[in-house]
Amino acid sequence: MEKYIKTYTGNSLLWGVLTALVGLVFIIWPDSVLRWAVYLVGILSLVAGIVQFLGFLARTRGVENRWRYLPLTSPLAVLWGILLLAKPDVWIELFMIVLGVVMLLMAVMQLVSLGQMRKAGIPVAGGYFVFPVLLLLAGIVVFFNPFATTVWLTVFFGAWVLAYGVVEMFDYFSLHKAVPAASKKIDAPKEND
């Protein structure tokens, strides 16, 4: 048990350092991070499509009318990869518009649900309406100003990841000394009454 706990806490420190570094990268270079994420997805899609196509060619060598067996996902993956690599900013903005629509729909659904509960006689305090209204406002802002909100959301996400990494490192340093004593208590044979 002690070995497991030491491994876990050691991994906790490594995980904390890595997530803190990722968070800093998101905060310092929010525009670049998103663009490189789209490039990465584009490259992965392009490579997956090409590998699938080469596999198709190898599997169907000598097969009559082999082109009718071509998996549709192969050319679509290549096309998707090319589109992502050609215009990454368009795809980032499109994603933000979709996110704005999703936020709007979630807010409307919550507001309707709360309204129906009130209509049915269930007491719903006004405070329950705060989050859906804020979500509705955020959805409107994201939908109508997708690029500016992209940077803000990336920095916010980076700050959250950085905070998570710092907490993981704090947990490591505050708990790793207690590991040997705790594992001895866990591994000690229990007395039967």
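The values are calculated or read from the model by the stated rules, or taken from the named source; none is laboratory data. Predicted model, so just to flag it, every value in this text is computed and none were measured. Cβ atoms come from the backbone with ideal geometry, glycine included; neighbour counts cover every protein chain shown. SASA here: full protein model, heavy atoms, side chains in, ligands and nucleic acids out. Shrake-Rupley method; radii C 1.70, N 1.55, O 1.52, S 1.80 Å.
A few remarks follow.
- For first residues located in region 60-75 and touching a residue at least 24 places away in the same chain (Cβ under 8 Å), partners that are basic (Lys, Arg) and lie 6+ apart or on another chain with Cβ distances below 6 Å do not occur.
- Filtering region 118-139 to residues that are open to solvent by less than 70 Å² (accessible area, probe 1.4 Å), under 23 Å from Gly100 (Cα atoms) and among the aliphatic types (A, V, I, L, M) leaves Val133, Leu135, Leu136, Ala138.
- When Ile43, Ile50, Ile27 are screened for being in a helix (DSSP H, G or I), farther than 19 Å from Phe95 by Cα, without any contact (Cβ under 8 Å) to a residue 60 or more places away in the chain and of a type in the set (A, V, I, L, M), only Ile50 passes.
- Val142 being in contact with a Ser or Thr (Cβ under 7 Å, 6 or more places away or on another chain) and at pLDDT below 85: no
- Residue count for region 109-140 satisfying the condition of being of a type in the set (Gly, Ala, Ser) and part of a helix (DSSP H, G or I): 6.
- Filtered by the rule that a residue be surrounded by 13 or more Cβ atoms within 10 Å (Cβ to Cβ) and under 24 Å from Phe143 (Cα atoms), region 65-93 gives Trp80, Leu83, Leu84, Leu85, Lys87, Pro88, Asp89, Trp91, Ile92, Glu93.
- Whichever residue in region 106-117 is touching a residue at least 12 places away in the same chain (Cβ under 8 Å) and among the hydrophobic types (A, V, I, L, M, F, W, C) and, among such residues, is farthest from Gly81 (Cα to Cα): Leu114
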